[in-house]
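Q: Below you'll find the structure I mean.
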Amino acid sequence: MRYVDEFRDPVLARSLAAEIRSLVTPGEVVRVMEVCGGHTHAIYRHGLDELLPPEVELVHGPGCPVCVIPMGRVDDAIAIAETDGVTLATFGDMIRVPGGRDSLLQAQARGADVRVVYSPLDALELARDEPGRHVCFFAVGFETTAPATAITLLRAREEGVSNFSVFCNHVLIEPPLRAILETPGCAVDAFVGPGHVATVVGSDAFRFVPEEYGRPLVVSAFEPTDLLQSVALILRQLAQGRCEVENQYTRVVLPEGNTLALAAMAETLQLREDFEWRGLGVLPRSALGIRDELAAFDAERLFALPGRRLEDPKACSCGMVLTGRMKPWECRVFGTACTPERPLGTCMVSSEGACAAFFSYGRLRQPREEVTVGG
Amino acid sequence: MAEPRRRRPVLRDELVTLAHGAGGKATRDLVDALFLAELDNELLAPLGDSAVAPPVGGRLALTTDSYVVRPLSFPGGDIGELAVNGTVNDLAVAGARPLWLTVGFVLEEGLRVTTLREIVSSLARAARRAGVVVAAGDTKVVERGKADGLYVTSAGVGILDHDVELGPGRVVPGDRVLLSGTLADHGMAVMIARGDLKLEGDVESDTAPVHELAASLVGLGDAVRWMRDPTRGGLATALNELAAQAGVAVRIREQALPVAPAVAAACEILGIDPLYVANEGKLVAVVAEEAAGDALALLRASPLGERAAEIGVVEDEPAGMVLLDTALGGSRIVDLLVGDPLPRIC
C-alpha cells in the first residue's frame, strides 16, 4: 500500500532501532512521554516497545480525547440523548464510556436515539435529512478535531439549520502538558509531540516545553518508523545537549500550523474559564466552548443539563495513568475489575487509551513485579 | 412419474403486502410464482408441512444461521447468496458434505417484488453452485418499519462421509494454521456499499461456498485437526475461540496474512483491523506440521484457494491466547473484540 508500506519497512525499522541502541548510555534510563493516544496505540499495535532497549522507557501521556472526558459530561450527553425528539450524534468511541450511572450504549438500549457518525458534518446532514428532530453533535477531542466542529458550526449558520446543535467538549493540549510538567517530581525527560494536534496548531506551539521546562519535544507522525525516528531524534538532542522542538512530521506539520483551521476555530469557539478533566481535575483555560454569537447552536444553552461533577471511582487510577505517573498494569483494578468489556475508567475504553491498548495488545510482557513506578 | 402440473400463477403485485403473509391466495401466489419458480425441486414441490428426505447412511451435521445484512445487495453478492453460502460453510467446516437447506423469509411490507425475486434467484443459483437442495421454506410478512427489507434464516443438513473427528481437542502444539485466502473482503465490501462513509473502493465480498476446499482437506485424514469459517468477528475471533477451547497458544505472522490492497487501504483509513472483519468465503484450518505442505497445495489448487497461506503455528504457552509477530519484529496479543465496529454485515 503506497504511503503506508514505506513507513512500516522492517529493514528501516531495524536500522532505526540499532541507531537508538547506539544513542543510549547503558543503565541510564530516559523517560519519553508520547503525548498522543494515537502514538500509544501504534506503539502496542506494532510491538514497537519490544524494539527499544530497556534504557528507553515509554510513558503514556494525556492525549486520548475520550479518556479525559469526565463522567459528569457523559451524563450530560445522556440527558441530551434522552430528551424527546432529540438525536445525539457521536463518534463511536464515546458510546461505551461510562458516566455516573451507565453509558450512551445503555441509553440507546433504553430507547434514546444515539447515532455514530464519522464527522460532525455527517451530524449536520442528519439534521437536514430529519427536520422533525433536533440533532445534537457530542463534540470531543483536542485541537485535532475542533476545526471540523468549527466548520460544521459555520455551515449550520450559513444554511440556517435550526434543528442542530453542538455539545462542545473540545480541549486544549497545552494545559495538561503544563500540569504534568509542573507536578512535583515530574520524571519525564522528553516528549514525543502529538502530530495531529500539531497539524492544526503548528510545531511552534510546543516551544514552551523546551523553553520553559527544559525538555526536548519532537513532533511525530504515527507510523512505526516515524515513532522510532522521533525517539532517535530525542536521544540525539539529549546526547548533544540540545533542547528544542523538532519536527519529524514535516510531510504535514508546519511551524505555524493550519492557519485556515485556526481561523475557523477562532470564529466559532472561545476559551472557557475552566474545564474539568478526568483524572486531572479542573484546569483553568483548558477547553473551548461555543462563542456567544453562535449561542443558537450551543447545546449547553439549549438544554437543561444536570452538569454534575462526579468523583472518579475510588479504585480507578486513570488520573495517574493519564499523567504518566502510573503504568496501566500498576493500577489495582487493571484487567480485573476494569477490562475493555466492562471499563471502570476511560483509559480502558478507547483504543487510544493507554490501558485498553496495553490490555488488548501487550499485557503478556510486563509482569507487575519487574516494573518501577514512573514519576 | 411426476403428476401433471397446474399452470404457475403470475405474480402481478409490485410490492409485498401484508396479504402475502396471511396464508391465503396471495401467499400461495407468492410461493408458487416466485419461490417455487426459482427453487423448484422434488423435496420442495409438494409444499407439505415437512419435506421428507430419503435415508442417508452416516452421521449428520445440522446448523442454522440468520442473515440481516444491510444493504440487501452489495458488490460481490446479496443476502440470498449469503444465506446459502454461510450455512453451507458452517456444514463444510464441520467436515460434512452439505445436502439440504431450509430457508425462512421475514419480509417487510412494501418490499419490491422485483427485489425479492432477484434475491431468491440468487439464492437458488448459490444452492446449485454448492450442490445443495432447498428442501423447505417459510414466508412471513411484517408491517412496514418492522424489518429492514427482509431477513432470511437458513438451516442446513449435511452428512459426514468419513470418520475424521475434527475439533479443538485434536489440536496440538506444533500444528500449522492455514488460511484459504485474503482477509476482510466481505465486511469491508458491505461497509463501503452502505455509503455512510463516503468511501469508494474496488472491494467485493468474498461470499462463496468452501465445501470443496474443506472436503479436500478432510481427505488428508487425521492430519487435519480443526476447521472454521471466520465470519463475524473475523480471523481473530475464530483463533481466540480455538486457543481457549484447545488450551493452546496460536502464534500468527503479520507478514503472512493475505489482504487485498484495496481492503488494506479501506481498513487503514477507517482504523479497522482486518483481523476482526468478517469473511464469507474463507476457511481457516489447523493441520499437522508434516501435512502442512500438502494441505496448502490442495487449497491452492482450487480457484477459491489461490491465495491460501500458512499463517501461523500452534504453541504450548501462553495457553488460551493468540499472538501476532508484527512485520517490524515486535509482537502483540490479538485479543477478542469488544463491541462491534461493523454491525449488520451478514
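The values are calculated or read from the model by the stated rules, or taken from the named source; none is laboratory data. As the structure is a prediction and not an experimental result, all values here were calculated from the model. Ideal geometry is used to build each Cβ from the backbone, glycine not excepted, and the neighbour counts take in all protein chains shown.
Q: When you go through B:91, B:107 one by one, which is the residue that is assigned to a helix (DSSP H, G or I), aliphatic (A, V, I, L, M) and either in contact with an Asp or Glu (Cβ under 9 Å, 6 or more places away or on another chain) or assigned by TED's automatic domain parsing to the domain that holds residue B:58 (or both)?
A: None of the other options fit; the residue is B:91.
Q: Okay, moving on. Which strands (runs of 3 or more DSSP E) does segment B:112-179 wholly contain that include 3 or more residues that are under 18 Å from the mean Cα position of the chain (by Cα)?
A: It comes to B:150-160.
Q: Also: Taking segment A:1-35 as the search range and keeping residues that are assigned to a loop (DSSP other than H, G, I, E, B) and facing chain B (nearest Cβ under 10 Å), which one is nearest to residue B:327 (Cα to Cα)?
A: The extreme case among them is A:9.
Q: Still on this structure: If you go through segment A:38-64 one residue at a time, how many are polar (S, T, N, Q) and surrounded by fewer than 23 Cβ atoms within 10 Å (Cβ to Cβ)?
A: Number satisfying all stated conditions: 0.
Q: Can you tell me which residue among B:310, B:317, B:268 is of a type in the set (D, E, K, R), out of contact with any Leu (no Cβ under 6 Å at 6 or more places or on another chain) and more than 9 Å from chain A (Cβ to nearest Cβ)?
A: B:317
Q: Hey, could you check segment A:75-93 for residues that are assigned to a helix (DSSP H, G or I) and in contact with a strand residue (DSSP E or B) (Cβ under 6 Å, 6 or more places away or on another chain) and say which is nearest to the other protein chains (Cβ to nearest Cβ)?
A: A:92
Q: Yes or no: segment B:309-323 includes at least one residue that is surrounded by fewer than 16 Cβ atoms within 10 Å (Cβ to Cβ), in contact (Cβ under 8 Å) with a residue 24 or more places away in the chain and either within 24 Å of the chain's Cα centre (by Cα) or not in a loop (DSSP other than H, G, I, E, B) (or both).
A: No, every residue in segment B:309-323 fails to be surrounded by fewer than 16 Cβ atoms within 10 Å (Cβ to Cβ), in contact (Cβ under 8 Å) with a residue 24 or more places away in the chain and either within 24 Å of the chain's Cα centre (by Cα) or not in a loop (DSSP other than H, G, I, E, B) (or both).
Q: A follow-up question, please. Looking at the structure I just gave you, is residue B:300 surrounded by 24 or more Cβ atoms within 10 Å (Cβ to Cβ) and free of Cβ contacts under 8 Å to residues at least 40 places away in the same chain?
A: no
Q: Filtering segment A:346-368 down to residues that are modelled with pLDDT under 85 and under 23 Å from residue A:185 (Cβ atoms), which residue is nearest to the other protein chains (Cβ to nearest Cβ)?
A: A:366
Q: Right, residue B:104: at pLDDT 95 or above and under 15 Å from the mean Cα position of the chain (by Cα) or not?
A: No, not satisfied.
Q: Looking at segment B:200-293, what helices (runs of 4 or more DSSP H) fall wholly within it and have at least 1 residues that are touching a residue at least 12 places away in the same chain (Cβ under 8 Å) and under 26 Å from residue B:327 (Cβ atoms)?
A: Filter on segment B:200-293 gives B:234-246, B:261-270.
Q: Shifting gears a bit: Would you mention how many residues in segment A:101-132 are surrounded by fewer than 16 Cβ atoms within 10 Å (Cβ to Cβ) and in contact (Cβ under 8 Å) with a residue 40 or more places away in the chain?
A: 2
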